[in-house]
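Student: Mind having a look at this structure? Questions to follow.
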Amino acid sequence: MDLLLQLLVNGFINGCHYALLGVGFGLIFATTQVVHFAYGPIYALTAYIAWYTATALGAPLWLAVLIAAAAAAVIGPVTYLGVYRPFQRRQSSDLVILIASLGLLIVIENLIGILFGAGSRVIEGVNFSVFLWGPVVFTGVHVWQVASLAVIGGALFLFLRYTRFGKAILAMTDNPEMARIVGIDTRRVSIAVFAIGSAVAAAPAVLVLLKDSATPHMGFHAVFMAFVAVVIGGIGSLRGAVLGGMLLGLAEGVGLWGIPTEWQSSIAFIVLFVVILLRPQGLLGQRT
Amino acid sequence: MDYILYILIMMSLYAILATSFNLLIGYGGLFALSHAAFYAFGAYATAILTTQLGWPFPLPMIAGIAFSAGVGALVALPALRVSGVYLVIVTLALQIIVVQVLNNGGTLTGGTDGITGVPALGIGSLVLDSPGAFLPVAAAFAAVCFWVAYRLAHSPFGRSLRAMRENESAAQAAGKNLVYMKLVVFAFAAGLAAVAGSLFAHYFQYVGPQSFTIEETIYILAMVIIGGTGNLWGSVAGAFLLVILPELLNFLALPSEVADKARLLIYGLLLIVILRFRPQGLFGEKASTGHVLAGEDQAVEPGVTLATLQDDAATVVGRALHKSFGGVVAVADFDIELHSGRVTGLIGPNGAGKTTAFNMLTGFLKPDRGTIEFNGRDVTGLKPHRIVHEGMARSFQDLRLFRRMTVLENVLVSLPRQSGDRVWAVYLRPGLIRREERDNIARAMGVLQFVGLADKANELAEDLSYAEEKLLVIARLLATGAEVLLFDEPLSGLDPNTLQALLPTIRKLAEHGKTVCIIEHNLDVIKGVCDVVFFLDEGHAMAVGTPEELMSDPELAARYFK
């Protein structure tokens, strides 16, 4: 019973991590229709930038996080303007853009490898307090992972719901054609969405760097889980992305009760297959 | 020297992988990112069966092909339900699971270490353990695989595949069985990839999970895209290019770990650049069959088979049809009869349920209640392609042309009863298919002449003017040879001259014994061609009668005719 409780807490913490990744990816996907595979390596690059500013430049951790997030907020829109937008302007099919984003994934991932080397990078000397909560153990990083979802997710929700610009984003998510007709500058909104979506991923990136390490290949798993979370939750629904990510984390966590560790990541796929089979539009998605 | 042989062998393997992947994505339009998994099945089947059971060549290869093709057919099942990004994510997941199984497979797969000691390819006492001896075998297998893929791609089946890629529902409306086509193309692509895998195992005498990751799938994808989707020669060129290009890096004195990443970086960049500036790839898609020279004197037969006028029994009878979508009733208790030799009109305001009625009659929607009989047979709930085979075909209001296919191909796809749509015939009855194809081209040209598009036969459908597109829609429907023809707004948006020219065509179809039903808003058209008109509103048939009767009804006049 104690074990199950611990697995549930671990699952919830990982779920928060996936949920935040899913929110950033899902926001970009829902608004611009770009399946942004390069989201993964940009997330990895963000972790490396934080590592570099914190170690080589000796910046304090909070500053490193801010610089990493700012860098992501620049790199994201650059990929949009440099790669995706030219395709959209030419009205290339979504799949063409998807292939281009796979190409970009390969390019950035290997660029990281060339710039920072293939090994993993860690920040030494950061210690987190350990909390004991009955039989359950967790650390300060875990608390941050949960808190980052609450704070960033909450802020994003308020921004989208209550600001003029946020409403413009939601309008475009709903119907890009109509958004253009009513005078929303869809180019500006797309740029903003790429900036916000990429910056959102900076928090989980740095937390993984602190918890484990940064590796050049960490991005693929991240974008894949974000993608799965979005599909499970329902494309176009940010609440769905949170729900999907949470479900993935919990399923993976609780799955360990009966399944050996090395098969853990297969659990996510089983959830994916079941959802697509039973409810292809996703849990909170609308049937088209 | 061995180095050059190595490159040539890798070219052979990747030529197989790229051409087979192209069948799936370029021809079938099925974006399944699991090709490296099929590659792995072939490699591991050979490695396991040779090292653990001592099977002699070619049995492990055959087993690998069978296993891979079987799994491929299984992957086709989700592809029946989902498409686009959903298929991408499902197959991506499959790809990752397969690598995980290889990594965790214990003694069977050798885990992360893989399987060493796979015997070199050998038949009896002849062992091909040098690159020089292996190359001819690899090249020969590549040639055979290319032939298998080419044959399929350039058959009527391949043409139907491209039609499915362009528009699934229109392919169904042309009588194509999507389930069969997806199963076949997945099985072929997977089976061929397994051949490359088996060769890989024999050549390196080792297999390991790191050779079959998602990166490998993207690598093969890049070859297909760079070479050109829908062109198998392009895939061979793409494979050659992406095998050679990175090797050139060896001449730069880069540290080895950088060189490896630079290789990947280059192909990633190349992929983006090609998509951006030459999206059709190095080799564009070509019309695969039925290329006729414009102006060539074709022996033209009348495009429409003439039937004798039947007695007045109804050919199609719909009874109490009902359909609602999430509580919104689209069609309610709708009775309809279509008679041969008559043109029946369906009119009514937008959202009245006219197209829904068509969708039910032709199997695109299953009615919630009610029955549909066709020549006395119950056809309720049959799949669309089956209903086309029975002899009832339809067109779509939004055209749904096969845009990146020629005008002639659009019509050829729609011709009924093609032996070349069956895979066994593609390989076993080439003579029959060639003869049929010759006749079919003549028939298709006849249909095109009938609608006045013969001089556009070799143009791509996407290059036609709007009026020509509408004509092609009619031609495609006529080509099905169906007894019952359902037209969904065939004439809307046409200029008056074209319209006047086409009206007699539709009348003529009925006079030749066809059963014609037409959705139309233009009252002149209705008066001009229809014998009977059903007026629909809010899913009900409000009135039935001759056009004159309906138009003189004061209530309808107020609500609709104005």
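Student: For residue B:286, go through the aspartates and glutamates and keep the ones whose alpha-carbon is under 19 Å away, minus same-chain ones fewer than eight residues off.
Tutor: Cross-link targets: B:166, B:409, B:437, B:455, B:459, B:462, B:463.
Student: Quick check: Cα centre of region B:336-358 to Cα centre of region A:92-146, how many Å?
Tutor: Distance between centres, Cα-based: 58 Å.
Student: Can you give the local net charge around residue B:179? Use residues other than it whose beta-carbon is closer than 15 angstrom to its beta-carbon, Lys and Arg +1, Asp and Glu -1.
Tutor: Computed value for this residue: +4.
Student: Okay, moving on. Equivalent ellipsoid semi-axes for chain B, as square roots of 5 times the alpha carbon gyration tensor eigenvalues: give them largest first, rounded to whole Å.
Tutor: Semi-axes from the Cα gyration tensor: 53, 24, 21 Å.
Student: Give me the base-10 log of I(q)/I(0) for the protein assembly as shown at each q in 0.09 Å⁻¹, Debye formula, one uniform scatterer per Cα, rounded to two decimals.
Tutor: Taking Cα atoms of the protein assembly as shown as identical point scatterers yields -1.00.
Student: So what is the 222 nm mean residue ellipticity for chain B from helices alone, if each DSSP H run of at least 4 adds -39500 (n - 2.57) and you divide by all residues, rounding to the nearest 500 deg cm²/dmol?
Tutor: Rounded to the nearest 500, it is -17500 deg cm²/dmol.
Student: Work out the count of Lys pairs in region B:451-562 where the Cα-Cα distance is under 26 Å, with the pair 8 or more places apart or on different chains.
Tutor: For region B:451-562, the number of qualifying lysine pairs is 8.
Student: What average number of partner chain Cβ atoms lie no more than 10 Å from the Cβ of the residues making up B:272-278?
Tutor: 5
Student: Right, here's the next one. Going by the alpha-carbon gyration tensor, a ≥ b ≥ c the square roots of its eigenvalues, is region B:46-191 rounded (a/c under 1.5) or, if a/c is not under 1.5, prolate (a/b greater than b/c) versus oblate?
Tutor: oblate
Student: For region B:531-540, in order, what is each residue's ³J(HN,Hα) by Karplus, 6.51 cos²θ - 1.76 cosθ + 1.60 with θ = phi - 60°, in whole Hz (x at glycine and Pro)?
Tutor: Per-residue couplings from phi come out as 8, 10, 10, 9, 9, 9, 8, 6, x, 9 Hz.
Student: Any chance you could check the Cα centroid distance between region B:398-452 and region B:147-173 for me, in angstrom?
Tutor: 11
Student: I want the local charge near residue B:203. Using Cβ-Cβ distances under 15 Å, sum +1 for each Lys or Arg and -1 for each Asp or Glu among the other residues.
Tutor: Computed value for this residue: -2.
Student: Place the peptides B:195-204, A:172-181 in order of packing, highest mean first, counting for every residue the other Cβ atoms within 10 Å and averaging per peptide.
Tutor: Highest to lowest by the protection proxy: B:195-204, A:172-181.
Student: Across region B:341-355, in residue order, what do the Karplus-derived ³J(HN,Hα) couplings come to in whole Hz, using 6.51 cos²θ - 1.76 cosθ + 1.60 with θ = phi - 60° and x for Gly and Pro?
Tutor: x, 10, 9, 9, x, 10, 10, x, x, 4, x, 6, x, 5, 5
Student: If I take every Cα pair under 8 Å that is 6 or more residues apart in chain A, average their sequence separation and divide by the length, what percent do I get for the relative contact order?
Tutor: 38
Student: Same structure, new question: Under 18 Å Cα to Cα from residue B:323, which lysines show up? Leave out anything in the same chain fewer than 8 places away.
Tutor: Filter leaves B:354, B:366, B:383.
Student: While we're on this one: Using a 10 Å cut-off around each Cβ of peptide A:261-268, what is the average number of partner chain Cβ atoms that fall inside?
Tutor: Other-chain Cβ atoms within 10 Å of each residue's Cβ, averaged: 3.
Student: To continue, here is another question. For region A:25-34, just list the computed ³J(HN,Hα) in residue order, Karplus coefficients 6.51, -1.76 and 1.60, θ = phi - 60°, integers in Hz, with x standing in for Gly and Pro.
Tutor: Taking θ as phi minus 60°, the curve returns 5, x, 4, 5, 4, 5, 7, 10, 6, 8 Hz for region A:25-34.
Student: Another question, if that's okay. Could you give log10 I(q)/I(0) at q = 0.18 Å⁻¹ for region B:31-122, computed by the Debye formula over C-alpha point scatterers of equal weight, without solvent?
Tutor: Calculated log10 I(q)/I(0) at the listed q: -0.81.
Student: Taking amide H positions as placed in the peptide plane 1.01 Å from N, state which residues far from residue B:543 in sequence (5 or more) or on other chains have amide H under 5 Å from it.
Tutor: B:535
Student: When you look at the Cβ of every residue in A:109-119, what mean number of other chain Cβ atoms sits within 10 Å?
Tutor: Mean shielding count: 4.
Student: So which GluC sites (Glu not before Pro) in region B:470-562 end up in coil per DSSP with only 16 or fewer other C-beta atoms within 10 Å?
Tutor: B:538
Student: Separate question: What is the Cα coordinate range of region A:89-164 on the first, second and third principal axes, sorted by size from largest, in whole angstrom?
Tutor: Ordered largest first, region A:89-164 gives principal extents of 57, 44, 23 Å.
Student: Which lysines, on any chain, are close to residue A:211 with Cα under 29 Å apart, when same-chain ones fewer than 8 places away are left out?
Tutor: The reachable lysines, counting only those whose Cα sits under 29 Å from residue A:211, are B:261.
Student: Local charge sum around residue B:519 (other residues, Cβ-Cβ under 9 Å, Lys/Arg +1, Asp/Glu -1)?
Tutor: So the environment of residue B:519 carries a net charge of -2.
Student: Which values of log₁₀ I(q)/I(0), to two decimal places, follow from the Debye formula for chain A at q = 0.11, 0.15, 0.16 Å⁻¹ with a uniform point scatterer at every Cα?
Tutor: The computed values of log10 I(q)/I(0) come out as -0.63, -1.18, -1.33.
Values quoted throughout were computed directly from the atomic coordinates according to the rules given, and no laboratory measurement underlies them. Note that the structure is a prediction, hence the values are computed from the model and not measured. Note that we place each Cβ from the backbone using ideal geometry, even for glycine, and neighbour counts take in every protein chain shown.
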